[in-house]
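Following: one structure in structure tokens, then a few remarks.
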Amino acid sequence: VAKECIKIMMDMGLKVLTTRDLKDTPELQPFVTTGQLVYRPFGPWNEWIKEVESSRAMFTPCVSDASPRSVSEALALNVPVLMNRHIMGGWKYVNEQTGVLFDDLTDIKAAIEKLRSPEFQAGLSPRQYMEAHYGRWRSALRLYAFLDLTV
């Protein structure tokens, strides 16, 4: 799904940064050559965070990650998310304030257009949402409740 979604993004004129090695995807090489698709290998966490922070959105096509930490990090940096609705977990973070869910190749373009629309952008507040629902005070209360039950 990811490769096909990236092709759609390329057709829409978007620039995409990926951490997946592109050696085994010759069909994407023309986009690498033009600079529209950029590969950055995994490196130090602080460099990756800078890349995320400078992005307009994070694309999460995977379905096997139970709760991708990268999504919560992006939202905490005020970066909205475009996420596969069929992911095992992590979908709980995505709503009208934080991004858009897509089902498959049939609706990815519409999801991207929604995410980029000025009307939708006006209502986005990923960082504010994360602070209100998953911030350190909420986490501290959940930890306290857990410890209270187990100790």
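The values are calculated or read from the model by the stated rules, or taken from the named source; none is laboratory data. Model, not experiment: these values are computed from the prediction. Glycine also receives a Cβ, built like all others from the backbone with ideal geometry; neighbour counts cover every protein chain displayed.
Collect the residues in segment 58-103 that are surrounded by fewer than 21 Cβ atoms within 10 Å (Cβ to Cβ), closer than 20 Å to Tyr134 by Cβ and hydrophobic (A, V, I, L, M, F, W, C), keeping them in residue-number order.
Ala66, Ala76, Leu77, Met88, Trp91, Leu101
Arg116 is checked against (1) in contact with a helix residue (DSSP H, G or I) (Cβ under 7 Å, 6 or more places away or on another chain); (2) surrounded by 14 or more Cβ atoms within 10 Å (Cβ to Cβ); (3) over 18 Å from Cys62 (Cα atoms) and fails just one. What number does that condition carry?
The failed condition is (1).
When you go through Leu115, Leu37, Leu124, Leu77 one by one, which is the residue that is at pLDDT 95 or above and touching a Ser or Thr at 6+ places or on another chain (Cβ under 8 Å)?
Among Leu115, Leu37, Leu124, Leu77, only Leu124 is at pLDDT 95 or above and touching a Ser or Thr at 6+ places or on another chain (Cβ under 8 Å).
What's the number of the only condition in (1) surrounded by fewer than 12 Cβ atoms within 10 Å (Cβ to Cβ); (2) part of a helix (DSSP H, G or I) that Gly43 fails to meet?
(2)
Please verify whether Val1 is within 20 Å of Ser70 (Cα to Cα), surrounded by 13 or more Cβ atoms within 10 Å (Cβ to Cβ) and either over 17 Å from the mean Cα position of the chain (by Cα) or at pLDDT 90 or above (or both), treating the condition exactly as stated.
It is false that Val1 is within 20 Å of Ser70 (Cα to Cα), surrounded by 13 or more Cβ atoms within 10 Å (Cβ to Cβ) and either over 17 Å from the mean Cα position of the chain (by Cα) or at pLDDT 90 or above (or both).
Which residues, counting only those in segment 119-139, are buried (at least 19 other Cβ atoms within 10 Å of the Cβ) and in a helix (DSSP H, G or I)? Quick ask: steps written out before the conclusion?
Within segment 119-139, the subset buried (at least 19 other Cβ atoms within 10 Å of the Cβ) is 124, 126, 129-130.
If the condition is that a residue be buried (at least 19 other Cβ atoms within 10 Å of the Cβ) and in a helix (DSSP H, G or I), then Pro126, Tyr129, Met130 are the ones that fit.
State the number of residues belonging to segment 12-40 that are outside any strand (DSSP E or B) and under 21 Å from Pro80 (Cα atoms).
Count: 8.
Find all pairs meeting these conditions: Cβ atoms under 7 angstrom apart; at least six residues apart or on different chains; first residue within segment 109-126 and small (Gly, Ala, Ser); second residue crowded, with 16+ Cβ neighbours inside 10 Å.
Ala111/Leu82; Ala111/Val100; Ala111/Phe102; Gly123/Gln97; Ser125/Gln97
Can you tell me which residues in segment 56-84 are part of a loop (DSSP other than H, G, I, E, B) and either more than 9 Å from Gly99 (Cα to Cα) or in contact (Cβ under 8 Å) with a residue 60 or more places away in the chain (or both)?
Those that are part of a loop (DSSP other than H, G, I, E, B) and either more than 9 Å from Gly99 (Cα to Cα) or in contact (Cβ under 8 Å) with a residue 60 or more places away in the chain (or both): Arg56, Pro61, Cys62, Val63, Ser64, Asp65, Ala66, Ser67, Pro68, Leu77, Asn78.
Identify the single condition in (1) modelled with pLDDT under 90; (2) within 29 Å of Pro26 (Cα to Cα); (3) in contact with a helix residue (DSSP H, G or I) (Cβ under 6 Å, 6 or more places away or on another chain) that Val63 does not satisfy, given that it satisfies every other one.
Going through (1) modelled with pLDDT under 90; (2) within 29 Å of Pro26 (Cα to Cα); (3) in contact with a helix residue (DSSP H, G or I) (Cβ under 6 Å, 6 or more places away or on another chain) one by one, Val63 breaks only (3).
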